[in-house]
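Chemist: There's a structure below that I have some questions on.
The values are calculated or read from the model by the stated rules, or taken from the named source; none is laboratory data. Owing to the predicted nature of the structure, the values given are computational and were not obtained by experimental measurement. Note: ideal-geometry Cβ built from the backbone for every residue, glycine included; neighbour counts use all protein chains shown.
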Amino acid sequence: MGKRIAIIGGGYVGAELAKTMDDIADVTLIEQRSHFVHAPAMIRALVQPGLVEEALIPYDRLLKRGRVVEARATGVDGNGVTLDDGARIDADYIVVATGSDYAAPFKPKGADIEGMRTANQAAREKLVSAKTIGIIGAGAVGVELAGEIAYAMPDKKITLITMDDKLFAAKPDSLGTSLSKKLKASGVEIILGEKAEGLASKTEPHAGSVTLGDGTQRTFDLIFPVLGARACSDLLKNLPGAEVTAAERIKTDDYMRPSSLPNVFAAGDVANPGDNMTIVAVSRQLPWLKKTLTGLITGRKLADMKTYRPWGPEAPILLPLGPKRGNSFLMLFTVGDWVTQKMKGAHLFVSKYEKLLNRP
Ligand SMILES: Cc1cc2nc3c(=O)[nH]c(=O)nc-3n(C[C@H](O)[C@H](O)[C@H](O)COP(=O)(O)OP(=O)(O)OC[C@H]3O[C@@H](n4cnc5c(N)ncnc54)[C@H](O)[C@@H]3O)c2cc1C
């Protein structure tokens, strides 16, 4: 029998790691949903309804040797994983990749795949009948959402509100400035440096008002709260030595371990090794995880292997504003519409993840 690896969560970390390790180890992927959720496409799926079915990809063909167990993990220890029905998955190595939740309709907490379809449809119906849209939060999701709605539904009056003084402050000014110009040119009002208080919900799109710092009230037919992701870290919080950081993420050591258990690793949004919560960060963590787990399986010691080094401020980011426009930060430069469209805007990497999940 080969070494057993249990992976909890079949998102960007879990699905790809399971597939890459499938030839090398006895892999069990534990995932509560029947389908992979391709988050970047869930933004455009609001304005392009058919896209939701392309963004939700079944797991049934992912693994050739290993298995995908559709269940919720409720406990982790040094010997394996406990599932919600009490069953045990014993393992030599465990990777916790439970990711994060986001406001509806993007990745709502606790929603199964049917729940995600319903949330998408309900939000779309509200969007179609709304004339004024308030988007609260101008991170990548808020900015892309403003761009997608402005492109597909140019008659909507969109207002993007953020407490930050500029867009994407951690990147060179050229990125935020260029995105602002394009959004304004397509009719989006941008309010910077204002905290919107009084949101009726931080997780559901709704009609209502917010109050800005100077006391003015802004009322919208539809408000999208897009305030960032919350890590799904319940499984890790009570492990020995676990440290909870911002957005509920668990700090990991140099070998991506979230606790003093030597054979339990954590990666992706649930872990905080110093990376942002992005697929881009996952793409750096995956090769390291594969190499490290392969080393361990073949008898190497962790202390003899390379530690994980997170991205610094040079981490790339791709920000389409609809299928044709946008800006990206790549290899230390801000690039424009053409590169952003070719790299992400036109296709949103849908076929890449269909291929990962072995769909035709
Ligand atoms: C709308 C949106 C758009 C985004 N666009 C981009 C983008 O364009 N580029 C980019 O770099 N990043 C983007 N992100 C961020 C990106 O989606 C995350 O960084 C990424 O999903 C993290 O991958 P992960 O594998 O850690 O977790 P996830 O993708 O969240 O996957 C975690 C999986 O674990 C499962 N799970 C959780 N708890 C349990 C449990 N107890 N038992 C069993 N299964 C469990 C979940 O069902 C889920 O399938 C976007 C996020 C959102 C919300």
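Chemist: Inside segment 268-319, can you point out the residues that are hydrophobic (A, V, I, L, M, F, W, C) and part of a loop (DSSP other than H, G, I, E, B)?
Modeler: Result: Met277, Met305, Trp311, Ala315.
Chemist: Hey, can you tell me all the residues within segment 53-72 that are under 29 Å from Val143 (Cα atoms) and within 12 Å of the ligand (Cβ to nearest atom)?
Modeler: Of everything in segment 53-72, those that are under 29 Å from Val143 (Cα atoms) and within 12 Å of the ligand (Cβ to nearest atom) turn out to be Ala55, Leu56, Ile57.
Chemist: Any chance segment 291-301 includes a residue that's within 15 Å of the ligand (Cβ to nearest atom) and either at pLDDT below 95 or more than 19 Å from the chain's Cα centre (by Cα) (or both)?
Modeler: There is no residue in segment 291-301 that is within 15 Å of the ligand (Cβ to nearest atom) and either at pLDDT below 95 or more than 19 Å from the chain's Cα centre (by Cα) (or both).
Chemist: Kindly indicate whether any position in segment 118-134 is in contact (Cβ under 8 Å) with a residue 60 or more places away in the chain, within 10 Å of the ligand (Cβ to nearest atom) and of a type outside the set (D, E, K, R).
Modeler: No, every residue in segment 118-134 fails to be in contact (Cβ under 8 Å) with a residue 60 or more places away in the chain, within 10 Å of the ligand (Cβ to nearest atom) and of a type outside the set (D, E, K, R).
Chemist: Name the residue, out of Asp214, Asp234, that is closer than 24 Å to Lys107 by Cβ and either outside the structural domain of Val81 (by TED's automatic domain parsing) or within 11 Å of the ligand (Cβ to nearest atom) (or both).
Modeler: The unique qualifying residue is Asp234.
Chemist: Follow-up. Take segment 14-33 and flag every residue that is more than 10 Å from the ligand (Cβ to nearest atom) and either at positive phi or not in a helix (DSSP H, G or I) (or both).
Modeler: Going through segment 14-33, the residues more than 10 Å from the ligand (Cβ to nearest atom) turn out to be 18-28.
Listed by number, the residues that qualify are Asp22, Asp23, Ile24, Ala25, Asp26, Val27, Thr28.
Chemist: Quick one: would you say Glu354 is modelled with pLDDT under 95, of a type in the set (Asp, Glu) and away from the ligand (no atom under 14 Å from the Cβ)? Explain how you work it out, then say what you get.
Modeler: Working: modelled with pLDDT under 95: no; of a type in the set (Asp, Glu): yes; away from the ligand (no atom under 14 Å from the Cβ): yes.
The answer is no for Glu354.
Chemist: Sticking with this one: Suppose we filter Lys237, Lys251, Lys202 for residues that are farther than 15 Å from Val95 by Cα and at pLDDT 95 or above; which single one remains? Can you show your working first?
Modeler: Working: Lys237 fails: farther than 15 Å from Val95 by Cα; Lys251 fails: farther than 15 Å from Val95 by Cα.
So the residue among Lys237, Lys251, Lys202 that is farther than 15 Å from Val95 by Cα and at pLDDT 95 or above is Lys202.
Chemist: Shifting gears a bit: For segment 100-119, state whether one or more residues are touching a Gly at 6+ places or on another chain (Cβ under 6 Å) and either surrounded by 15 or more Cβ atoms within 10 Å (Cβ to Cβ) or aliphatic (A, V, I, L, M) (or both). Spell out the reasoning first.
Modeler: Filtering segment 100-119 for residues touching a Gly at 6+ places or on another chain (Cβ under 6 Å) gives none.
No, segment 100-119 has no match at all.
Chemist: What residue, among those in segment 309-330 that are within 14 Å of Pro172 (Cα to Cα) and more than 10 Å from the ligand (Cβ to nearest atom), is surrounded by the most Cβ atoms within 10 Å (Cβ to Cβ)?
Modeler: Checking each candidate, the answer is Asn327.
Chemist: Now, a different point. Take Val95 and decide whether it is touching a Phe, Trp or Tyr at 6+ places or on another chain (Cβ under 9 Å), more than 9 Å from the ligand (Cβ to nearest atom), among the β-branched types (Val, Ile, Thr) and farther than 25 Å from Leu51 by Cα. So that I can check it myself, show each step before the final result.
Modeler: On the way: touching a Phe, Trp or Tyr at 6+ places or on another chain (Cβ under 9 Å): yes; more than 9 Å from the ligand (Cβ to nearest atom): yes; among the β-branched types (Val, Ile, Thr): yes; farther than 25 Å from Leu51 by Cα: yes.
Here the answer is yes, as Val95 does meet what is asked.
Chemist: Go through the residues of segment 66-89 one by one and say whether even a single one is buried (at least 21 other Cβ atoms within 10 Å of the Cβ), touching a residue at least 60 places away in the same chain (Cβ under 8 Å) and assigned to a loop (DSSP other than H, G, I, E, B).
Modeler: No; the residues of segment 66-89 include none that is buried (at least 21 other Cβ atoms within 10 Å of the Cβ), touching a residue at least 60 places away in the same chain (Cβ under 8 Å) and assigned to a loop (DSSP other than H, G, I, E, B).
Chemist: Which residues, taken from segment 66-104, are under 30 Å from His206 (Cβ atoms) and touching an Asp or Glu at 6+ places or on another chain (Cβ under 9 Å)?
Modeler: Those that are under 30 Å from His206 (Cβ atoms) and touching an Asp or Glu at 6+ places or on another chain (Cβ under 9 Å): Arg72, Thr98, Gly99, Ser100, Ala103, Ala104.
Chemist: Looking at Leu261, is it assigned to a loop (DSSP other than H, G, I, E, B) and within 16 Å of the ligand (Cβ to nearest atom)?
Modeler: When the stated conditions are applied, Leu261 does not pass them.
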